[in-house]
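Engineer: Dumping the structure here so I can ask a few things about it.
The values are calculated or read from the model by the stated rules, or taken from the named source; none is laboratory data. On a predicted model such as this, the values are computed, not experimentally measured, just so you know. Each accessible area value is taken on the protein alone, full model and side chains, heavy atoms only, with ligands, DNA and RNA left out. Shrake-Rupley method; radii C 1.70, N 1.55, O 1.52, S 1.80 Å.
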Amino acid sequence: MMNFNAVFMYLTGMDLGTFLQHLTNGISLGSLYALVAIGYTMVYGTLRLINFAHGDVFMMTTYFAFYGVSTFMMPWYVSFILAIILTGALGMLLEKWAYRPLRDAPKISIMISAIGASFLLENLAVVLFGGRPKAFPSVKILTDSIQLGSVSIQKLTFVIPIVTVIFLVGLLYLINHTKTGMAMRAVAKDYETAGIMGVNVNLTISQTFAIGSMLAAVGAIMWGLKFPQIAPLMGVMPGLKAFIAAVIGGIGNIKGAVIGGFILGIGEIMIVGFLPSLSGYRDAFAFIFLIVILLFKPTGITGEKIAEKV
Amino acid sequence: MLKIENLSVAYGGIEALKGISLEVEEGKIVTLVGANGAGKSTMLRSIVGLVKPKAGSITYQGKNLFAVKRHDLVKNGIALVPEGRRVFPDMTVLENLKIGAFTRKDHQEIKADLEWIYTLFPRLKEREWQAAGTLSGGEQQMLAVGRALMSRPKLLMMDEPSLGLAPLIIKDIFNIIRKIHSQGMTILLIEQNANAALHLADVGYVIETGRITLKGTGKELLDNEDVKKAYLGESVVAKK
């Protein structure tokens with residue numbers, strides 16, 4: 001073990017313990033990107049729309065959770081669950097008011113509506129919650145550190161990937177093995193035909209938004225616990241990066257979004273870990289990676305099939 | 001069963017249907033034949049609410065069909081085999097059939113119907129787990145018909161089931177239509193292949209540029225000189 005460690009250190013300039021610490025950090029950041037990216041990819045798969053307001057929906061969750069704990073004095077778990085449900089409802093309202101009236105309009109109109117919805121949510125948050133950052137409620141049982149050999153790691157670093165995996169398994173089950181999931185897949189492929197088969201298209205699209213938003217909400221709460229400062233514009237950067245993760249993985253594909261999320265999260269942390277002098281360019285990494293992917297594999301890693309036999 | 005009266009549809013000022021009337025009686029096969037762009041598909045699309053008519057009415061079992069939501073059509077017993085088949089390519093054959101029974105909750109009956117579909121189309125049984133997108137055109141057409149039947153319709157509407165298929169496969173498909181009909185299904189068949197469709201039909205309508213120009217029994221239309229010239233081609237008729 002000592003030998004391996006020495007070789008590893010010689011090769012990478014980093015000892016194994018530190019490397020593993022970076023890796024777990026990367027996995028937990030990647031999990032958060034993945035949870036948010038799924039919402040982008042599900043909405044894109046259904047409506048061929050980039051839901052620019054998704055990052056702001058993410059931001060709203062943290063405020064819901066914040067007020068639940070601070071103003072309404074709820075226990076953290078009640079407040080968190082309520083925040084997730086409220087976010088699902090917000091996603092459904094967003095679809096109903098901003099996107100449904102434009103469903104048959106040219107794609108550019110609905111995209112502009114998405115940008116408008118994003119600005120609306122951001123500024124609404126400034127008006128309602130104030131522009132000054134607030135402290136996200138801290139939950140000792142989750143944010144404590146544990147000692148592993150020589151390194152101490154926040155419990156959250158392990159909690160995040162576990163929670164993510166649980167929700168992912170649930171989501172994949174829902175999509176592949178339930179009637180609702182079958183309706184979602186059908187609507188995503190061909191909503192006219194799905195409607196003729198008796199699928200309620202409006203309801204199904206609503207459900208897609210609710211699920212995507214709730215997954216983002218789960219991500220937002222864990223984000224708030226990890227980086228406990230919330231502000232009206234906090235959703236912009238995670239939103240953009242999750243969007244990039246979805247594109248890298250192949251937008252429209254849920255597994256792709258998850259893969260993209262992990263690549264981005266781990267990549268970002270490793271760049272900072274191995275090249276600390278570049279840590280100022282941490283955010284640039286995601287965008288450079290996006291450009292490279294778009295140049296060499298524009299449909300993303302999983303690449304949605306373009307040609308289909310008819 | 002289904003009654004269309006004075007239906008007019010316009011796409012941005014261009015009239016696709018100029019007041020057509022058509023009736024489908026229970027238990028009959030009614031066919032609407034006509035050339036490309038005559039308005040055949042437009043008529044079907046207005047029945048399922050995919051286009052908004054300018055004027056006219058569609059009643060189904062005495063009910064105004066415009067007031068019925070699209071996803072409630074199957075519950076009322078109307079099923080459509082869409083033009084170009086439109087199977088869900090990423091789903092398996094089985095899933096495609098199951099989505100045909102989406103609004104039904106009688107699981108035992110659904111299973112029985114699935115077996116019935118598989119006896120009609122043994123090919124689909126063999127390919128049960130295959131993605132529908134990997135099937136051949138003819139198999140996809142069978143799947144589209146099977147999917148529509150899974151809703152246990154009272155009225156089965158088919159939009160150009162022979163489109164793009166080889167003559168032998170077309171024969172198969174029409175044999176199946178005949179078989180389904182003999183089990184009591186009412187069928188509205190839209191076809192470009194007038195010869196095959198009219199041989200099958202109890203009642204036929206000929207549509208030209210948005211107007212019904214002829215109506216008669218299948219046999220009458222087959223013998224009609226104008227129909228022969230316009231849709232059948234002398235040689236085809238001569239061979240019969």
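Engineer: Pop out the carbon and sulfur fraction of the accessible area of segment A:229-310 as a percent, whole number, probe 1.4 Å.
Structural biologist: 73 percent
Engineer: Do the sum for chain A: with -39,500 (n - 2.57) for every DSSP H run of n ≥ 4, divided by all residues, what is the mean residue ellipticity at 222 nm, to the nearest 500 deg cm²/dmol?
Structural biologist: -24000 deg cm²/dmol
Engineer: Looking at segment B:82-112, which residues lose a minimum of 30 Å² of accessible area between their chain alone and all protein chains in place, measuring with a 1.4 Å probe and not counting ligands or nucleic acids?
Structural biologist: Output list: B:Arg86, B:Phe88, B:Pro89, B:Asp90, B:Met91, B:Glu95, B:Ile99, B:Phe102.
Engineer: Take the solvent-accessible surface of the protein heavy atoms, probe 1.4 Å, and return the percent of it on segment A:1-88 that carbon and sulfur atoms account for.
Structural biologist: Within segment A:1-88, the accessible surface is 75 percent carbon and sulfur.
Engineer: Averaged per residue, what accessible surface does the protein assembly as shown expose to a 1.4 Å probe, in Å²?
Structural biologist: So the protein assembly as shown comes to 45 Å² accessible per residue, rounded to a whole number.
Engineer: Helix A:107-129: angle to the longest alpha-carbon principal axis of chain A, degrees 0 to 90, nearest 10?
Structural biologist: The two axes meet at around 60 degrees.
Engineer: With θ taken as phi - 60° and the coefficients 6.51, -1.76 and 1.60, list the Karplus ³J(HN,Hα) couplings across segment A:60-71 in order, rounded to whole Hz; mark glycine and proline as x.
Structural biologist: 4, 3, 5, 5, 4, 5, 4, 5, x, 7, 7, 7
Engineer: Still on this structure: On a 23 Å Cα-Cα criterion, which of the cross-link pairs A:Lys189/B:Lys18; A:Lys96/A:Lys241; B:Lys69/B:Lys98 come out too long?
Structural biologist: Too far apart for the 23 Å limit: A:Lys189/B:Lys18; A:Lys96/A:Lys241.
Engineer: At a 1.4 Å probe, what is the % contribution of carbon and sulfur to the accessible area of segment B:104-180?
Structural biologist: 60 percent
Engineer: Chain pair B, A: how much accessible area is buried, both chains summed, with a 1.4 Å probe, in Å² to 100?
Structural biologist: Counting both chains, the buried surface is close to 2300 Å².
Engineer: Calculate for chain B the 222 nm mean residue ellipticity that helices alone would give, adding -39,500 (n - 2.57) per DSSP H run of length 4 or more and normalising by residue count, nearest 500 deg cm²/dmol.
Structural biologist: -10000 deg cm²/dmol
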